[in-house]
Amino acid sequence: MRILFIGHNGYGYPHTRVRCYHFARVLATMPDIETAVLSFRDDLAPHKSEAAMYENLRDREKLLLTGKAVLRLLRERNTLLYIQKTHFHAAAPYWLHRLGWLRHYVLDYDDYDIPLSNFFVRGWWNRIFFGSHRWDEITFRIARGALGCVAASHGLENLLLDHNPRVALIPTGVDGEVFTPPESRPGRDRVIFLWNGLVWGKPIRQNLLLVFRAFQRALPRMENAVLRIIGGGAEWETIQDQTRREFPDVPAEWRDWAEPQQMPDLLRNADVGLLPAEGDDLWLKCKSPTKLFEYMASGLPVVATACGEAVYALRHLESGYLAEDESAFAEGIVRLANDPALRQRLGEGARKQVEAEYTLNVLGEKLYRFLNAITGSLQK
């Protein structure tokens, strides 16, 4: 069985890195499986930045990339396609499937992307390739036509089950051999609280503002704590300016975007990971946050809002600290800042939980079993 993973972005963005490249790598170790990755950014548009794949592609460029993909996919008639996300990159495989050239595909859905979908701007191109110009209907059509769907969160699993009876819940997970705790965390004169990610729009801005408000609340009750933020994105400078104006007393370090290979060392040099969630929209409820699993694998205790997948992935005061609201988030920061023994215990619990439930080897085995079940032709 040959499986081709089709990703919108490249290795630099976590959804393609983990759910295409890493899943392909681990499946390739299974009996009788051959895997490959077709990344629209890495293979078809290497001159584009990862951000440009979302921000400024015109329909003409999307059509050119779709044409290149069609030519590549004509050679993959007997391949099982694994479409990661439902953006314009799904046009080529889905159109060839509608024409009867490509027989089967699997849809991997790791974010509630419908309001943020990157389809064609002009509705007629969407109607030609997908049979509809509505972003929600396109997503659900692709789900209905799939041999099966892979959902990254409980929220997405419930969403997809309305359109396809064959859905596997497989979180984003982490490479547990790359993200590891340090042998011992160095003694420091300050406790480093870490958040990392791309500030691409309002949901992420709101999350970071929650962190700053909670940190400001916590400051009078702790000493020598610092907030370290590593990231980038379209609103990176905007959020820096805003927080410096509104929270001048919060000790914050800002570091620009780090390449994926740098992150393990950066996490080993932090003390606590932060996973805020401000708001109640479906994007937050359905998110399977890569950073959460990387924090846990690195032995970091995590303060997280009790929202979405964090409720399932963390056990309160065993592998993390779940906060119901901003006040509780601040309380979690205070407790972990002031209690080294608690930091160590929760960090060790997080690592054990990752090893049991969220490493690529564990998730790869689950994905293999699912593909075996829906195709009936993968021999174990």
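Overview of results
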read-out: Among Gly155, Val199, Gly232 the positive-end extreme of the charge dipole of the stretch 139-241 (Cβ point charges); value: Gly155
read-out: Among Leu27, Val362, Pro171 the positive-end extreme of the charge dipole of the chain (Cβ point charges); value: Leu27
read-out: Relative contact order, percent, the chain [alpha-carbon distance under 8 Å, six or more residues apart]; value: 16
read-out: Cα-based helix-to-principal-axis angle, 326-338 vs the chain, degrees rounded to 10; value: 60
read-out: Principal-axis tilt of helix 202-218 within the chain, Cα atoms, nearest 10 degrees; value: 20
read-out: Portion, in percent, of the accessible area of the chain that falls on carbon or sulfur, probe 1.4 Å; value: 49
read-out: Neighbourhood charge, 14 Å Cβ-Cβ cut-off, centred on Phe129 and excluding it, Lys, Arg +1 and Asp, Glu -1; value: +4
read-out: Gain on full stretching of the segment that runs from Arg144 to Asn78 - 0.36 nm per residue minus C-alpha separation; value: 21.7 nm
read-out: Interatomic Cα distance distribution for the stretch 218-283, bins of 10 angstrom, percent; value: 15, 43, 37, 5
read-out: At R0 = 51 Å, FRET efficiency that the Cβ-Cβ distance of Asn269 and Trp124 yields, to 0.05; value: 0.50
read-out: Relative contact order, percent, the stretch 69-165 [alpha-carbon distance under 8 Å, six or more residues apart]; value: 27
read-out: Spatial separation of Cα centroids for the stretch 161-180 and the stretch 272-331, in angstrom; value: 17
read-out: Relative packing of peptides 151-163, 113-125 - highest average C-beta neighbours within 10 Å first; value: 151-163, 113-125
read-out: Built amide H within the under 5 Å cut-off of Leu38, gap 5+; value: Phe5, Ile6, Gly7
read-out: Listed residues Trp283, Leu210, Ala330: farthest to the positive end of the dipole of the chain (Cβ charges); value: Trp283
read-out: Simple Cβ-charge dipole of the stretch 172-253, Lys/Arg +1 and Asp/Glu -1, about Cα centre, in debye nearest 20; value: 360
read-out: Rounded tilt (10° steps) of 135-145 against the dominant C-alpha axis of the chain; value: 60
read-out: Surrounding net charge for Val211, when Lys and Arg each add one and Asp and Glu each subtract one, Cβ distance under 10 Å; value: -1
read-out: Per-q log10 I(q)/I(0), the stretch 323-380, q = 0.15, 0.23, 0.24, 0.31 Å⁻¹ (Debye; single scatterer per alpha-carbon; no solvent); value: -0.64, -0.91, -0.93, -1.07
read-out: Rounded to the nearest 20 debye, dipole of the stretch 293-380 from Cβ charges on Lys, Arg, Asp, Glu; value: 460
read-out: Proximal charge balance of Arg351 [Cβ under 14 Å; K/R count +1, D/E count -1]; value: -2
read-out: Residue-span extension gain [His133 to Glu34] - 0.36 nm each, minus C-alpha spacing; value: 32.2 nm
read-out: Cβ crowding within 10 Å averaged over residues, with 236-249, 312-325 ranked highest first; value: 312-325, 236-249
read-out: Dipole in debye (nearest 20) - the chain, about Cα centre, beta carbon charges: Lys, Arg +1; Asp, Glu -1; value: 1240
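The values are calculated or read from the model by the stated rules, or taken from the named source; none is laboratory data. Keep in mind the model is a prediction, meaning the values are calculated, not measured. Using ideal geometry, Cβ is built from the backbone for each residue, glycine included, and neighbour counts are taken over all protein chains shown. Side chains included, ligands, DNA and RNA excluded: accessible areas come from the protein's heavy atoms. Shrake-Rupley method; radii C 1.70, N 1.55, O 1.52, S 1.80 Å.
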